[in-house]
Amino acid sequence: MMTATTIVIGHVDHGKTSLVRALTGVETDRLAEEKARGLSIALGFAPLETNHGIIDLIDAPGHADFLKTMVSGATGATSALLVVSAVDGPSTQTWEHLEIAAHLGVARIVIAVSQIDRLPAGSDHKAIARIKDAFVDSPAEHAPIVATSILTGAGLDALASTLGTEAFSGAEALGPSDPVLAIDRVFTVDGTGTVLTGTLLGGALAIGDAVCLGQRRRTAIIRGIQARGSEQQEVAPIQRVAVALRGISRGEVRRGDTLTLAPGLDATDCLDATVQLSNNPNTKLCHMDRVALHIGTTRVTAQVLRLDGGNLNPGQEGLVQLRLEAPQIVFPGQRGLIRAHSPAATLGGIEVLLPASPRARGGDPSVVISLAAIRDRDPDRTMKALASRLKAPIQPERVTELVGRAPSNLVLMRDYVRLEDGLVHGGTLRDARESLLQLLVEYHERHPHELACRTGILLDALARAFGLAVAHHTLRVLVEDGLVARTTGRIALALFDPADALSVKDRAALSRIETALAEGGTNPPGYKALVALGGPTDRLLGILIASGRLRALRNRSLGQVLFFHADALSDARRKLDTTFGTDREFRTAEARDCLGATRRGTVPILEYFDRVGVTERRGDIRWIAAPLKRSAS
């Protein structure tokens, strides 16, 4: 059978609790203080069977002091029953409750005119007409009105039928994709342990499920479930449930925590939302204001950042980022209420657009573009805008959760490329490709005598604009396409040659240095001899090293750096391999004789071969590494 929840609201003495009792037979005032004072101070719950399904009626306290409790009760409500006395008509609390319900997204409202038995005979039609006129230009302007009396029973059947029609009609609101239970009561039961209650949203819960509680991510196991007073093996949303837990004590969970399936949703201290301000003439919301946010069953202080303009005035709507003093678990489409701290007053309502949002920077157009796409429930625009704003691959499932609809397959196939972590818009990859090539052109223009740039420098620059995943993907593709050359720790345009920037004289010196080192083999000329060949020696050696044609190897015992031509090192490797193979050990002196080198050159060559895996060493003994253990030198 279908289930729904309806919040019962209205002035403190207009007969809400009595009307719920007359409809359901359930006394929702549980506490002795409530019964003694005739005043509801906690949420009350009663199931109502209708022709459409079962409705959980949530009787909210009417007194202003219990506003936080009322907001908690409205979490997950699909409709509202607004009780108005036929004698007194709408009061200050009536309007406040109606406004709060509207801010919390409770759009379907039924007005129950109570106490018609107290009217003079024949005056009920006039009283109902006055009440109807009072709600013109309000969220309840088109709400059905049912006259009732708990003394005579008049209108009770009609009210139940109307509630059933309204509670189960209309489009389904955006909600969580997984089970979420905002906890409004926590208590212990002898023989059962810790029990918590709330309105279940998003998905089913079953006995034996592992769950995660609160922002502290405490885990527990469901040992029992009740719904409407009966034991259940499994419960589905949307309905009131009581959950008994194993593995957690009463002191480890509190009202305001959130229960989710383990491993649990991530709590966030930053979220993006739309805000709709109250029409109250004194209402105003300024950039960087601090407000009280009521969301789920908790209250938290938040700082408001305006994202799409200046201050908001009465009745205006805008985009904001809320930075919370304490992390909370929220979901897309969740409604909340913001109130001023002093003097305490309702400012308006919010709807969460992007939970766990990155902190916005002032003037960043990608923030407004992405939130406008989410607000418009446009999955294709949202996909592209989020990828641009978050600078990371996006999963289509995340977009579906944010807007309630999946991106179209045609758009995904045509416009997106799948990386390991998600999808990236093809235009983003094209922009990243052009950007990296341009960064390399500019680097080579600034440093014409350097063959390559440090890879990290350019990747960091690219990642700031496109995200790290896109930056790494772009570099890999450009290397595969042959447009970029990559050596250890450095990259360059494949066709770039720093020698092109040398003068004719320096190019000749470069050639002399390379020839001398190639001819020297494993006994290369020293640095002073290379300087004598002319030219800017350090720059020319740097060009040859960056190109991979030379390697600078240190002889630590002599405190010298020797420059070996790559061909000489390759030849030395072949000689050692041919002479000793993989099954014959040798010492430094034997390697020296094999290479025809002095000890000055042999030691750095062998130490280099040790590092790259050509040889292995234990004490004074070396041997040629097995082929599978070698790495390229």
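The values are calculated or read from the model by the stated rules, or taken from the named source; none is laboratory data. Being a predicted model, the structure only gives us computed values, none of them experimental. Cβ atoms come from the backbone with ideal geometry, glycine included; neighbour counts cover every protein chain shown. Ligands, DNA and RNA are stripped out before the accessible areas are found, and what is left, the full protein with its side chains, is counted by its heavy atoms. Shrake-Rupley method; radii C 1.70, N 1.55, O 1.52, S 1.80 Å.
Report the relative contact order of region 320-388, percent, no decimals, based on alpha-carbon pairs under 8 angstrom and at least 6 residues apart. Dividing the mean separation by the residue count of region 320-388 yields 22 percent. Using θ = phi - 60° in the Karplus curve 6.51 cos²θ - 1.76 cosθ + 1.60, the 3J(HN,Hα) couplings for region 464-481 round to 4, 8, 10, x, 5, 4, 5, 4, 5, 4, 5, 4, 4, 5, 5, 5, 4, 7 Hz; x is entered for Gly and Pro. The calculated P(r) of region 400-531, using every Cα pair and 10 Å bins from 0, goes 10, 29, 25, 17, 11, 4, 3, 0 in percent.
Scalar couplings 3J(HN,Hα) for region 436-443, obtained by applying the Karplus form with A = 6.51, B = -1.76, C = 1.60 to θ = phi - 60°, are 5, 4, 5, 4, 5, 4, 5, 5 Hz; x denotes Gly and Pro.
Placing +1 on the Cβ of every Lys and Arg and -1 on the Cβ of every Asp and Glu, with nothing else charged, gives the chain a dipole about its Cα centre of roughly 2680 debye. Kirkwood analysis of region 71-200, using all unique Cα-Cα pairs, places the hydrodynamic radius at 16.7 Å.
Can you give the net charge of the other residues whose Cβ lies under 14 Å from the Cβ of residue 364, counting K and R as +1 and D and E as -1? Don't skip to the end; give the middle numbers.
Details: positive: 306, 359, 361, 389, 391, 464; negative: 272, 308.
That works out to +4.
Beta bridges from DSSP with both residues in the chain: antiparallel share about 85 percent, rounded to the nearest 5. Derived scalar couplings between HN and Hα for region 253-266 equal 9, 9, 4, x, 6, 10, 9, 9, 5, 5, x, x, 6, 7 Hz in order, rounded to whole Hz, by the Karplus curve 6.51 cos²θ - 1.76 cosθ + 1.60 (θ = phi - 60°), x for Gly and Pro. Think of a 1.4 Å ball rolled over the protein heavy atoms: region 491-548 then has 49 Å² of accessible area per residue. Taking Cβ atoms as reference points and 11 Å as the exclusive limit, the residues near residue 224 contribute a net charge of +1, counting Lys and Arg as +1 and Asp and Glu as -1.
Packing, as the average of other Cβ atoms within 10 Å across residues, places the peptides 195-202, 288-295 in the order 195-202, 288-295, highest first. Accessible surface of the chain, 1.4 Å probe: 50 percent of it comes from carbon and sulfur atoms. Accessible surface area normalised per residue over region 244-285 is 46 Å², counting heavy atoms of protein chains with a 1.4 Å rolling probe. Once the Kirkwood radius over Cα pairs is known for region 502-633, the Stokes-Einstein relation at 20 °C and 1.002 mPa s delivers a diffusion coefficient of 139 µm²/s. Between the amide H of residue 408 and those of 380, distances stay under 5 Å, these residues lying 5 or more places away or on another chain, with hydrogens modeled in the peptide plane.
In the chain, helices alone account for a calculated mean residue ellipticity at 222 nm of -10000 deg cm²/dmol, with every DSSP H run of four or more residues adding -39,500 (n - 2.57). With the charge dipole of region 314-429 set up from +1 on Lys and Arg Cβ and -1 on Asp and Glu Cβ about the Cα centre, the Cα lying farthest toward the positive end among the listed residues 357, 314, 333 is that of 314. Of the labelled figures (i) 1.22; (ii) 1.16; (iii) 1.01, only one reflects Rg/Rh (Cα atoms, Kirkwood Rh) as derived from the coordinates, namely (i).
In terms of the mean number of neighbouring beta-carbon atoms within 10 Å, the peptides 613-623, 369-379 order highest first as 369-379, 613-623.
Based on protein heavy atoms only, region 343-383 ends up with 41 Å² per residue of surface accessible to a 1.4 Å probe.
The local environment of residue 51, defined by Cβ-Cβ distances under 13 Å, has a net charge of -3 under the rule Lys, Arg +1 and Asp, Glu -1. In whole angstrom, region 388-470 maps to an equivalent ellipsoid with semi-axes of 33, 12, 9, each derived as √(5λ) from the alpha carbon gyration tensor and ordered largest first.
Using a cutoff of 8 angstrom between alpha carbon atoms and counting only pairs six or more residues apart, the relative contact order for the chain works out to 7 percent.
How long are the semi-axes of the equivalent ellipsoid of region 311-388, taking √(5λ) for every eigenvalue λ of the Cα gyration tensor, in whole Å from largest down? List each step's numbers first, then the result.
Numbers: eigenvalues 116, 41, 34 Å².
Calculated on Cα positions only, the semi-axes equal 24, 14, 13 Å.
In debye, nearest 20: dipole of region 400-536 around its Cα centre with unit charges on the Cβ of K, R (+) and D, E (-)?
Details: 15 positive and 17 negative charges, 26 e Å.
Magnitude of the dipole: close to 120 debye.
When +1 charges are put on Lys and Arg Cβ atoms and -1 charges on Asp and Glu Cβ atoms, the dipole computed for region 460-543 relative to its Cα centre reaches about 200 debye. Shape analysis of region 59-143 yields a ratio of the Cα radius of gyration to the Kirkwood radius, Rg/Rh, of 0.98. Taking amide H as placed 1.01 Å from N in the peptide plane, the amide H of residue 348 sits under 5 Å from that of 278, 338, each at least 5 places away or on another chain.
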